[in-house]
Amino acid sequence: MTMVGDGLNSPRLQGGEAHSEEQRSVFPDKYLMRNTRILNIKSTQISEVPIEVFEAARQELVNIVSLENNLLREVPKDLHMLSELLTQLILTQNEICFIPPNISQFSKLVVLNLSGNLLCDLPMELGGLKLLKELDISHNRFQHLPRSIYELESLVSLLANDNQIKSMDAGPQGLGALPQLLNLNLSNNDIRIVPPVLGNMQKLQKLELWGNPFRQPRHQILSMGTQSMLSYLRTRIPI
């Protein structure tokens, strides 16, 4: 039983004004956050998160924030209060069109999911996330892979499918600068040329390129799997 006046379900939230049961139930109880270390506000149609929610999350040492499937138009400005704690940030299925430069403050992030927003670029400061292993920017409006991605030296998985990406840089200053990359999904974009040098990324275990208008490699090669595709591309590298 929750004590009166305790947690985020308290009528004291936001200056003592009593909220309706519906409004209060949107935000998780502080005891739930304490037990799970997760701030989960999913599918609630919120467009902003009160500062009190992040204050409570900081007190409970929350390290995972999921704000999936809401109406956020920007990264909540008070999220920075958790910048030294977060290892996972999930902002999937919102209306976010801009990632602020202070994303670099979230230096412990391992997972960043920005799928299903309105993004067309990422700030160079994103490259400061040296521990980031998983980045999902699928289902956005990117026409190219942001250069900041090539600074993510620990990146293992990059999902950039279902955008409008027209080309890829697979050279040593591009995807070739990601030595740990195992999973690359660029399916359902507008890529017209697959650079043969992509074949040099032999550490890749899963490469998805379906749904692009390029002519080579042919579908027969794609259907043979990642290693066959990489091997084929290496044969196309000019001597």
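The values are calculated or read from the model by the stated rules, or taken from the named source; none is laboratory data. Small disclaimer: the values here were computed from a predicted structure and weren't measured. Cβ sites come from the backbone with ideal geometry, for glycine too, and all protein chains shown count toward neighbours. These accessible areas exclude ligands, DNA and RNA; they are computed on the full protein's heavy atoms, side chains included. Shrake-Rupley method; radii C 1.70, N 1.55, O 1.52, S 1.80 Å.
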Exercise. Does LEU39 satisfy the criteria of being out of contact with any strand residue (DSSP E or B) (no Cβ under 7 Å at 6 or more places or on another chain) and either under 23 Å from SER107 (Cβ atoms) or open to solvent by 20 Å² or more (accessible area, probe 1.4 Å) (or both)?
Worked result: no
Of the conditions (1) touching a Ser or Thr at 6+ places or on another chain (Cβ under 9 Å); (2) at pLDDT 95 or above, the single one that MET81 does not satisfy is (1)
**Q.** Condition met for VAL111 (in contact with a strand residue (DSSP E or B) (Cβ under 7 Å, 6 or more places away or on another chain) and among the β-branched types (Val, Ile, Thr))
**A.** yes
Of the candidates SER148, SER138, SER154, the one satisfying the condition of being hydroxyl-bearing (Ser, Thr, Tyr), surrounded by 18 or more Cβ atoms within 10 Å (Cβ to Cβ) and in a loop (DSSP other than H, G, I, E, B) is SER138
Those residues of the stretch 42-60 that are under 11 Å from MET81 (Cα atoms) and open to solvent by 80 Å² or more (accessible area, probe 1.4 Å) come to a total of 2
Condition met for ASN188 (open to solvent by 70 Å² or more (accessible area, probe 1.4 Å), in a loop (DSSP other than H, G, I, E, B) and either in contact with a strand residue (DSSP E or B) (Cβ under 6 Å, 6 or more places away or on another chain) or not basic (Lys, Arg) (or both))
yes
Within the stretch 210-234, residues in contact (Cβ under 8 Å) with a residue 12 or more places away in the chain and either open to solvent by 30 Å² or more (accessible area, probe 1.4 Å) or assigned to a helix (DSSP H, G or I) (or both) come out as TRP210, GLY211, PRO213, GLN216, LEU222, THR226, MET229, LEU230, SER231, TYR232, LEU233, ARG234
Out of (1) at pLDDT 95 or above; (2) more than 24 Å from the chain's Cα centre (by Cα), the one SER10 does not meet is (1)
The residue from LEU89, LEU118, LEU79, LEU85 that alone is under 22 Å from ASN161 (Cβ atoms) and crowded, with 17+ Cβ neighbours inside 10 Å is LEU89
